[in-house]
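Just below is one structure, and these are the notes that go with it.
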Amino acid sequence: MIKNRRWLQFSLRAFVSLLTIGCLLLGWRVEQARRRGQAIDAIVKAGGFVGYGDTGDSPFLSRDKAIDHFWLDLKGAPVKIAIMTPLNASLGPQLSLVDHIGNLEIATALTEKEMRYLEGIQCKCEIRFYNTYGIPQTVFEELQRKLPNAKVVWGNQ
């Protein structure tokens, strides 16, 4: 006669331990999403534009149009950021808090000092500069060296 064996028995202690670990991981991910959302809100408030996703019909944030983007931040949707205002000491660190940047477009003329605010970005993204008049090519090459994961594009490249 074959005994009925119970497979995958767990003690209450093991269950509670696994549940606690799962809750800690979820809480850590939610905190990351909250910080990313706050950084994106600060970028939008400073005059930037942020689009979510890889398609043209993705949700788009601007000062005039706000959406609830918590769930997009939680799942780590890629973002496209367009900066239309000069970079400053408060906007630069916000850019470094946003992960999964697909494209970062900067349409204003930047000084060499303002370029330093971009050095904290840790993403595999394309950073495109449109108004590069008066900025030496060496500044862009130095930025490319400091951001090895990013592709820095300037001028008519």
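Rule-based calculations on the coordinates, nothing more; no lab input. For clarity, every value in this text was computed on a predicted model and none was experimentally measured. Positions of Cβ are generated from backbone atoms using ideal geometry, with glycine treated the same way; all protein chains shown enter the neighbour counts.
Here are the numbers:
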{"item": "Nonlocal amide H pairs with VAL152, under 5 Å, H built at 1.01 Å", "result": "ILE127"}
{"item": "Rounded to 10°, Cα long-axis angle of helix 137-146 versus longest principal axis of the chain", "result": "10 degrees"}
{"item": "Dmax and Rg, reported as Rg then Dmax, of the chain (C-alpha, Å)", "result": "21.6, 89"}
{"item": "Within the chain, longest stretch free of exposed chymotrypsin sites (Phe, Trp or Tyr not before Pro) [DSSP loop, at most 10 other beta carbons within 10 Å]", "result": "11-132"}
{"item": "Separation in nanometres of the label points that stand 7 Å from Cα toward Cβ, at THR111 and LEU8", "result": "6.3 nm"}
{"item": "Longest DSSP-loop-exposure-free segment, trypsin sites (Lys or Arg not before Pro), the chain, at most 15 other Cβ within 10 Å", "result": "7-62"}
{"item": "Helix 12-45 axis, angle to the chain major axis (alpha carbon atoms, nearest 10°)", "result": "20 degrees"}
{"item": "25 °C / 0.890 mPa s Stokes-Einstein diffusion coefficient of segment 72-157, Kirkwood radius on C-alpha pairs, µm²/s", "result": "188 µm²/s"}
